[in-house]
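First up is the structure itself, then whatever we jot down about it.
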Amino acid sequence: MGEQLSKVYESKTIEQQANEIWSANLYFHPEPPADGKDKKTYTIVIPPPNVTAPLHLGHALNNTLQDVLIRFRRMQNYNTLWMPGTDHAGIATQTVVEKRILSEEGKRRTDFERQEFVGRVQAWKDEYEARIIDQLKAMGCSCDWERTRFTMDEVCAKAVRAAFFKLFKDGLIYRGKRLVNWDPATQTVLADDEVEHELVQGHFWYLRYPLVEPVNIGGEQIECVTVATTRPETMLGDTAVAMNPADKRAEYLLGKKVRLPIVGRIIPIIADEHVVLPDADSDDEKARFSTGFLKVTPAHDPDDWEIGLRHGLEVINVLAPDGSISDKYGWTDWNEIRNEDVENLIGMDRFEAREAIIEWFRMQDLLEDVREYAHEVGHSYRSHVPIEPYLSDQWYIAVKKPIEHLGKKFGEGLIEGTDVAVNSLAGLALKPLLDGRLRFIPERYAKTYQTWLENLRDWPISRQLWWGHQIPIWSQTLPFEMEDSSALSIDKLVDAGMVGDLTDKIMITGGEYLKESIKQGCWVRMRFLDEQMVVIYVCIPTLALDVKKEVIKELETAGFVRDTDVLDTWFSSALWPFSTMGWPEDTPELKTFYPGNVLCTARDIITLWVSRMVMMGQYCVGNVPFSNVYIHAMIQDGEGRRMSKSLGNGIDPLVIIESHGTDAMRFTLTSMTTDTQDIRMPVVSMTLPDGRVENTSPKFDIGRNFCNKLWNASRFALMNLEGLDPAEFDPGKMDITDRWILSRLAKTVSEVTESLAQFKYSEPLSSLYRFFWNDFCDWYLEWAKPRMQNERKKPIAQNVLAFVLDHTLRLLHPFVPFITEGIFQKLNEIAPMRGLKGVAESKEAKALVIAQWPEGLESLMDEDAEKQIMLIQAAIRTIRDIRSNRNLPPNKILVVSAKSQQETVEILNGNAELIQQLAGVKEFEAGTALVKPANAAISIMDDATEVYVHDAVDLRAERAKLKKQKEQLEKAKKVVEAKLANENFVTKAKPEVVAQAGDRLTELSEQLNTVEKHLSELYNSG
RNA sequence: GGGCGAUUAGCUCAGCUGGCUAGAGCGCCUGCUUUACACGCAGGAGGUCACAGGUUCAAGUCCUGUAUCGCCCACCA
């Protein structure tokens, strides 16, 4: 016989004890089945948290939701795997470490050797990874900790190289130009989300560009075209002037040439839809400022870059990395155009040059106008200087290129209504959505995914960082010789037999080592710079093997250099669902647990992450990585703002765990999870016992109150379960409250099971809440109290109580795992054998975490019992209402009678004891022809049952109450009558709806009659 | 600019295929040391479901428009 539950619920102790049980038994560590198959599996891979910082409340939500699913399925006997791990988060992590080193040591990244700096980041990662894993454990996450991965660990790194190699070999990785966000102050590239937009009070300068030959438009001689710009200094790199083909002036000006001021470059006037037509009255600010002529600077503006691509314009870069004007970084026509005016500008900072150029235009009378203009300008979030779009070479993945050898498996041609090939990477991700193999919950998010993929552009994957997967490519620029220089393309070379497999026909001096590297599995590609020079790229599949090390050594001896860039963080994230399982090896894990079942994440990374995982899962493994994508809400504060460090409105999950307990936190988070896109959580501060002041939310009290109630109800139950003997159970001896609570339990089981399977959280939890609190605690336990004192009734009540408690714990376990496990362990000690012999069994389990999920209780549903109890409850509420209304003290024992129709009378009399117990009534009697005692208070129930509480009359209160009731009834009756008088309603509405209205009218009439009768009696009696 | 969403009680939210006499928790009011729980028990007040039209026998629910708020994506000559 065990000790009872402690008087006070202490979350910390309970959490610790449960964690010990779970980890000692490795319950979260599934083995791939020895026989290789059969058991159904359920897999979730964690969205790996970034190692930049400890977890926040959003993580708590995200991981709680996953854990609910995993625990639910584990109890349903699935072989469940929840794969945990963390993400190296390239730029974000590198930045936080750089910041810390700068503030603590005053050093910059460039003060370190690469290896040394990476070591520093590694140290940060080790610290935060450990903290994050601890946090996840504290949150109760039932991850398979034995399989914890990190996106840059050896297993994942191998997958990254394998995937990269595969893409490279398939010709999907190429080198291309791209405008990046350049921070001239720190001289680094910034990701888009590191660019802060600030409203800047700037100017629009209107610059005149002289035409080479004047043009006559409608009798008017035009000497110049005027362009409007906010960044005049970029004009040095202009290579065209564009106008909208719909512009009236277009027919005279298109194809004409302009002499670019200062530079003297002759540039064409071209047509492009992108140009906004001028309109002084337009709502569109651009149209108001536009002259209809747009200077095109492909090297210094993203839009212009696109225009340049469309028209094959020259790209001239006039800036040095520090933001000064320079002829050294891609000013291709410098030698032809150089003149004194331009040379004067060289070396000037971009803003200095801006002034100088404006001044030049002013002097030459080419500055037509200057207008004030407020606009958003991207600034570096680090140095706060305006960012400069800067042209650079980057690695790309071709996402729309059909992959020939996948045509057989995935099909060929375009997906209907799109320009996406089925067997392109984009197609591989899009098709499963369209044919239903991939589903979003809520469904609306499928649209985000679909539009993104349909409009996808090639994926730039290189980043100029040190922290990340270094690109596994060695390259060298070499001279080459070829007779037919007009055919400079890889395809042509292949055709000419010059490249082939690249095994033995390399025509580059000293190419022997390439042969060897190819023999070792490397893949080689070429890119021709011009007619003499070619870049040779060698991709190495994996660096794990010693033999590859030798290849590398040879390559490096021969002058090849490894690319210094690293891969975009999302590249390794895209592989996460299978890199964690050991791909490219055909591991038992991969065979057993891939593809997974559900991915659970927030909507902001549907495009960045979800789509890419599907893409790479299909491409690398040949199947979608998961069939369901559950998108949960994002947590905001009470004002609807995102929780963030800078606003100081964040809530630390560890603080809540400390103050309210993990289960309370989980309860609150899941109860708030409906399919809305945001959840608001009012933030207030609280003082912890040790004096710390921290943010919290009153919302968490809901969870804490629930846990406290669960603890106490269980404590009470357990106190009454000593000596329980299932052999003493006899189904025939169950009373109506037993039948009722079992029926309610059975319904709750089916509701919870069904809605959990549909990824609902708030719904099953509120079913459980109602069942546990309102049915079980408020009614069943109260009714059971006296039975526990009765030796004859006790065994039945005990057995039902134990069964219901046992099942309630099982149902609640996915949501509040710790407290339920703790109580379950006690229940096992005090009442090890449970089950309702001949009615339902309760499968034994050493621990709740692996106990069987309730099922097959349908036979316990009992409409008769539910109907009767509902009536009894209504009667009790009516009596309680009178008591409260008439100020009858709670301890005053009442005498009550009731008048009703036969059926009701029988139910009430048959259960008089139940009414007496919970309404504080000493005598209760119902009858069809009872007369109201003169001094009785009366209340009329919905079914017109009249309840008389003796010796409690208060004429004034009575009249007021009945009068109010009468008014309400009359109003309601009128509505129903009007409905039924409407012929359209009677003929067109569904028959059951009409019948319902009819019943309702009868009920209302009866009630109203009764009320009126008593009302008139009251008046008659003075 | 494109897309997605929200607007229901003082607060945070349910209300799914139209049938509603619109619900829950918190907060508020009244009463209560009822031997599991005051993190509790019993009772109660509180809503022209953002606004304007429309469809329908019937609209919180469907359609159109307006307003306000929010998010994502693109962009900012």
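Sorted into 5 angstrom bins from 0, the C-alpha pair distances of the range A:383-455 split as 3, 14, 21, 17, 13, 10, 8, 7, 4, 2, 0 percent. Along the range A:270-278 the Karplus relation, 6.51 cos²θ - 1.76 cosθ + 1.60 evaluated at θ = phi - 60°, assigns HN-Hα couplings of 10, 9, 8, 4, 4, 5, 7, 6, x Hz to successive residues, with x for each Gly and Pro.
What is the angle, in °, between the Cα long axis of helix A:57-75 and the longest principal axis of the Cα atoms in chain A? Nearest 10 is fine, range 0 to 90. Tilt relative to chain A: about 60 degrees.
For chain A, the longest principal axis of the alpha carbon atoms and the long axis of helix A:546-557 meet at an angle near 30°. The alpha-carbon positions of the range A:887-988 define a convex hull whose volume is 136 Å³ per residue.
Remark on residue A:439: its backbone amide H falls under 5 Å from those of A:628, A:629, a criterion applied only to residues 5 or more positions apart or on other chains, H modelled at 1.01 Å from N.
Under a 5 Å amide H cut-off, with hydrogens placed 1.01 Å from N, residue A:203 pairs with A:373 among residues at least 5 apart or on other chains. Put a dot 7 Å past the Cα of residue A:549, heading toward its Cβ, do the same for residue A:837, and the two dots end up 7.1 nm apart. Here the Karplus curve 6.51 cos²θ - 1.76 cosθ + 1.60, taken at θ = phi - 60°, turns the phi angles of the range A:951-968 into couplings of 6, 9, 6, 8, 3, 5, 4, 4, 4, 4, 5, 5, 5, 4, 4, 4, 4, 4 Hz, with x standing for Gly and Pro. Take the Cβ-Cβ distance between residue A:951 and residue A:864 as r, set R0 to 35 Å, and report the resulting FRET efficiency rounded to the nearest 0.05. With R0 = 35 Å, the Cβ-Cβ based efficiency is 0.50.
For residue A:1017 and residue A:3, FRET efficiency with R0 = 60 Å and r from the beta-carbon atoms, rounded to 0.05? Between residue A:3 and residue A:1017 the formula returns 0.50. Taking each residue as 0.36 nm, the span from residue A:451 to residue A:374 lengthens on full extension beyond its C-alpha to C-alpha distance by 24.5 nm. Computed extension gain for residue A:587 through residue A:26, at 0.36 nm per residue and net of the alpha carbon distance, reaches 199.9 nm. One equal scatterer on each Cα of the range A:745-820, no solvent, Debye formula: the resulting log10 I(q)/I(0) at q = 0.12 Å⁻¹ is -0.37. Rounded to the nearest Hz, the phi-derived 3J(HN,Hα) couplings of the range A:886-898 under the Karplus curve 6.51 cos²θ - 1.76 cosθ + 1.60 (θ = phi - 60°) are 8, 6, 7, x, x, 8, 6, 7, 9, 10, 10, 10, 9, where x marks glycine and proline. Working note: 222 nm ellipticity from helices only, DSSP H runs with n ≥ 4, each -39,500 (n - 2.57), summed and divided by the residues of chain A, gives -12500 deg cm²/dmol to the nearest 500. Note on residue A:198 and residue A:719: the model spin-label points, each 7 Å out from Cα along the C-beta direction, lie 6.6 nm apart. In this structure, the amide hydrogen of residue A:649, modeled 1.01 Å from its nitrogen in the peptide plane, lies closer than 5 angstrom to those of A:644, counting only residues at least 5 positions away or on a different chain. For chain A, the residue among A:360, A:32, A:438 whose Cα projects farthest onto the positive side of the dipole built from Cβ charges is A:32. Among A:448, A:151, sorting on how many other beta-carbon atoms sit within 10 Å of each Cβ, with the fewest leading, yields A:448, A:151.
The Rg/Rh ratio of chain A, with both radii computed over alpha carbons and Rh defined as the Kirkwood radius, is 1.09. Ordering A:918, A:254 from the fewest to the most neighbouring beta carbons within 10 Å gives A:254, A:918.
With a cut-off of 19 Å, note down the residues of the range A:735-754 whose backbone N falls inside the zone around a label point 7 Å from the Cα of residue A:855 toward its beta carbon. It comes to A:745-754, nothing else. Compactness of the range A:652-754 is given as radius of gyration and Dmax, 19.5, 58 Å, from Cα positions. With bins 10 Å wide beginning at 0, the percent of Cα pairs of the range A:318-393 falling in each bin runs 16, 39, 36, 10.
Considering only alpha-carbon pairs that sit under 8 angstrom and 6 or more positions apart, the relative contact order computed for the range A:298-339 is 27 percent.
Taking every pair of alpha-carbon atoms in the range A:221-324, give the share separated by more than 24 Å as a whole percent. Of all Cα-Cα pairs in the range A:221-324, 20 percent lie more than 24 Å apart.
Between residue A:895 and residue A:993, the simple label model (points 7 Å from Cα in the Cβ direction) yields a spacing of 5.1 nm.
In chain A, the longest principal axis of the Cα atoms and the axis of helix A:302-311 are about 60 degrees apart. Placing R0 at 51 angstrom, the Cβ-Cβ distance between residue A:906 and residue A:131 gives a FRET efficiency of 0.20 after rounding to 0.05.
At full extension, residue A:1000 and residue A:886 could sit 38.1 nm farther apart than now, given 0.36 nm per residue minus the alpha carbon distance.
Quick note: the coordinates plus some simple rules give every number you see, no bench work behind them. Everything quoted here is computed from the prediction, not taken from an experiment. Glycine gets a Cβ as well: all are built from the backbone with ideal geometry, and neighbour counts include every protein chain shown.
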